[in-house]
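Here's the structure we're looking at; comments come further down.
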């Protein structure tokens with residue numbers, strides 16, 4: 001139960017017409033997400049089709065990258081990245097003609113990019129990149 005009390009002896013008079021009362025504006029710092037996500041980063045296009053991965057660049061320096069994945073094939077594909085600081089992060093599995101993205105922070109070292117759809121990596125959808 002909530003009890004409200006007012007000071008003074010005057011009878012309160014309603015000041016609104018029954019419209020809902022909006023909560024007060026926030027005066028604190030802006031809220032932040034519970035889990036921080038990397039900034040958008042440098043864009044790299046990754047085109048996947050049976051059974052290859054083609055990147056728009058082959059030169060990588062440490063930093064944040066957003067891989068824009070395009071499924072140019074006729075089967076389902078995704079892009080999975082694994083290497084220093086990244087333990088198998090994958091894009092959504094994309095329908096033929098679909099697109100998606102995955103943002104990662106690449107450190108110096110070797111990374112494996114592959115399609116983790118069953119059997120695709122073994123058939124050639126496996127690519128190594130060097131971050132220097």
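Can you tell me which residue in the range 95-110 is farthest from residue 47 (Cα to Cα), limited to those that are touching a residue at least 40 places away in the same chain (Cβ under 8 Å) and buried (at least 16 other Cβ atoms within 10 Å of the Cβ)? Break it down into steps so the answer makes sense when it comes.
From the range 95-110, those touching a residue at least 40 places away in the same chain (Cβ under 8 Å) are 103-108; that's our starting set.
Cutting the leftovers down to buried (at least 16 other Cβ atoms within 10 Å of the Cβ) gives us 103-104, 106.
Values: 103: 16, 104: 17, 106: 19 Å.
It comes out as 106.
Of all residues in the range 111-123, which are out of contact with any helix residue (DSSP H, G or I) (no Cβ under 7 Å at 6 or more places or on another chain), closer than 18 Å to residue 58 by Cβ and buried (at least 18 other Cβ atoms within 10 Å of the Cβ)? Before the answer, list the steps.
Step one: of the range 111-123, the residues out of contact with any helix residue (DSSP H, G or I) (no Cβ under 7 Å at 6 or more places or on another chain) are 111-113, 116-123.
If we keep only those that are closer than 18 Å to residue 58 by Cβ as well, we get 111-113.
111, 113, listed by residue number.
Output the number of the condition that residue 129 fails; it satisfies all remaining conditions of (1) assigned to a strand (DSSP E or B); (2) over 14 Å from residue 43 (Cβ atoms); (3) free of Cβ contacts under 8 Å to residues at least 40 places away in the same chain.
Every condition holds for residue 129 apart from (3).
Right, residue 69: buried (at least 18 other Cβ atoms within 10 Å of the Cβ) and touching a strand residue (DSSP E or B) at 6+ places or on another chain (Cβ under 7 Å) or not? Spell out the reasoning first.
Values: buried (at least 18 other Cβ atoms within 10 Å of the Cβ): yes; touching a strand residue (DSSP E or B) at 6+ places or on another chain (Cβ under 7 Å): yes.
Here the answer is yes, as residue 69 does meet what is asked.
None of the figures in this text is laboratory data; all of them are computed from the coordinates on show. Note that the structure is a prediction, hence the values are computed from the model and not measured. Quick reminder, even Gly has a Cβ in these numbers, built from the backbone with ideal geometry, and neighbours come from all protein chains shown.
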